[in-house]
Amino acid sequence: MKNPYFYSLTALLFLALTSTCYAQEMIKRKDKFYTMSGAGFSIPVGESSSFMRPKFSTTLGANLGLGDKGLFLYPKISLHVFGYDELSPENGYNNSLQRGRSTTYLLNVALGYRKIMDKFALYGFVGAGGGFILTPRILIDPANNFATLNNRTNHIGIIEPGAGMEYNIGGANLFIESSYMHGFGKIQNRPFNAVPITFGIKPNLSKLFN
């Protein structure tokens, strides 16, 4: 029977070799890890455009390289703000609100691929996630002559394919990105669809992995 220390030494050597290979793999990529922050606007499309209007949006996320090619993981949080016009009052409400504001809080996790060409890079991604959309509604009490404004929370799942372009400025990339966001749920009894357009910067923190 072999000494148990032999198995322990073998396991340690295996782990050390694996870690070394993994570290070398990470060093190969200059785009191993980016943080991402952007701003822009989101355009309602389809039936969503009948009651929503584009205003502004902000996005925070990260790009984590997978393997030694162009594959990367892309989690992000999006806050989109829309102008909102109710088409009809909700149950329990007698009036439709006009010129209101609707806000999304959505988390998406995507898988993407980046192709680097000197200082430029092109990338595409597809992901899924979810969150909620706040829609305003108004209740008017004519007896007391006052109005109450509150929000309804609409939970929704999404899929989001998209593409973008980057330009390297040294320790960071400037980028522009657009996607198509399709919601598995309805707002005002209509499907939610939007096209976010985002401009921003991606600091390159890949050296932290070396």
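The values are calculated or read from the model by the stated rules, or taken from the named source; none is laboratory data. Note that the structure is predicted; figures quoted are calculated from it, not measured. All Cβ positions, glycine included, derive from the backbone under ideal geometry; neighbour counts span all protein chains shown.
Pick from L87, L73, L97: which is out of contact with any helix residue (DSSP H, G or I) (no Cβ under 6 Å at 6 or more places or on another chain) and in a strand (DSSP E or B)?
L73
Looking at segment 173-210 only, could you name the residues that are among the aliphatic types (A, V, I, L, M) and either touching a residue at least 40 places away in the same chain (Cβ under 8 Å) or surrounded by 19 or more Cβ atoms within 10 Å (Cβ to Cβ) (or both)? Explain how you work it out, then say what you get.
Quick first cut of segment 173-210, residues among the aliphatic types (A, V, I, L, M) only: 174, 176, 181, 187, 194-195, 197, 201, 205, 208.
Scanning segment 173-210 gives M181, I187, A194, V195, I197, I201, L205, L208.
Where residues in segment 95-112 are aliphatic (A, V, I, L, M) and either crowded, with 17+ Cβ neighbours inside 10 Å or farther than 25 Å from G61 by Cβ (or both), which of them is modelled with the lowest pLDDT? Quick ask: steps written out before the conclusion?
Step one: list which residues in segment 95-112 are aliphatic (A, V, I, L, M), which gives 97, 106-107, 109-111.
Subset that is either crowded, with 17+ Cβ neighbours inside 10 Å or farther than 25 Å from G61 by Cβ (or both): 97, 106, 110.
On the way: L97: 83, L106: 95, A110: 97.
So the residue we want is L97.
Is it true that some residue in segment 123-139 is within 16 Å of K30 (Cα to Cα) and in contact (Cβ under 8 Å) with a residue 24 or more places away in the chain?
Filtering segment 123-139 down to residues within 16 Å of K30 (Cα to Cα) leaves 123.
Then keep just the ones that are in contact (Cβ under 8 Å) with a residue 24 or more places away in the chain; that gives 123.
The answer is yes, given that some residue of segment 123-139 is within 16 Å of K30 (Cα to Cα) and in contact (Cβ under 8 Å) with a residue 24 or more places away in the chain.
Can you tell me which of F120, F192, F125, F146 is in the same structural domain as Y74 (by TED's automatic domain parsing) and under 18 Å from L71 (Cβ atoms)?
So the residue among F120, F192, F125, F146 that is in the same structural domain as Y74 (by TED's automatic domain parsing) and under 18 Å from L71 (Cβ atoms) is F125.
Would you point out the residue of segment 64-77, among those that are within 11 Å of the chain's Cα centre (by Cα) and surrounded by 15 or more Cβ atoms within 10 Å (Cβ to Cβ), that is nearest to G131 (Cα to Cα)? Walk me through it before giving the result.
Taking segment 64-77 and keeping what is within 11 Å of the chain's Cα centre (by Cα), we get 74-77.
Subsequent filtering for residues that are surrounded by 15 or more Cβ atoms within 10 Å (Cβ to Cβ) retains 74-76.
Values: Y74: 17, P75: 13, K76: 12 Å.
Looking at residues that are within 11 Å of the chain's Cα centre (by Cα) and surrounded by 15 or more Cβ atoms within 10 Å (Cβ to Cβ), I get K76.
Go through segment 27-53 residue by residue and tally those that are within 22 Å of I201 (Cα to Cα) and either part of a strand (DSSP E or B) or not basic (K, R) (or both).
Just the residues of segment 27-53 that are within 22 Å of I201 (Cα to Cα), to begin with: 29-43.
Adding the requirement that they be either part of a strand (DSSP E or B) or not basic (K, R) (or both) leaves 31, 33-43.
Residues that pass the stated criteria total 12.
For every residue, the table says whether it meets (1) surrounded by 15 or more Cβ atoms within 10 Å (Cβ to Cβ); (2) at pLDDT below 85; (3) under 16 Å from the mean Cα position of the chain (by Cα).
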residue	(1), (2), (3)
K28	no, yes, no
M36	yes, no, yes
F41	yes, no, yes
K55	yes, no, no
G61	yes, no, yes
L79	yes, no, yes
E86	yes, no, no
Y93	yes, yes, no
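Filter segment 118-148 down to the residues that are over 22 Å from E177 (Cα atoms) and exposed (fewer than 11 other Cβ atoms within 10 Å of the Cβ) and list them by number.
Of everything in segment 118-148, those that are over 22 Å from E177 (Cα atoms) and exposed (fewer than 11 other Cβ atoms within 10 Å of the Cβ) turn out to be D141, P142, A143, N144, N145, F146, T148.
Within segment 140-210, which strands (runs of 3 or more DSSP E) (wholly inside it) include 2 or more residues that are polar (S, T, N, Q) and modelled with pLDDT of 95 or more?
172-179, 190-203
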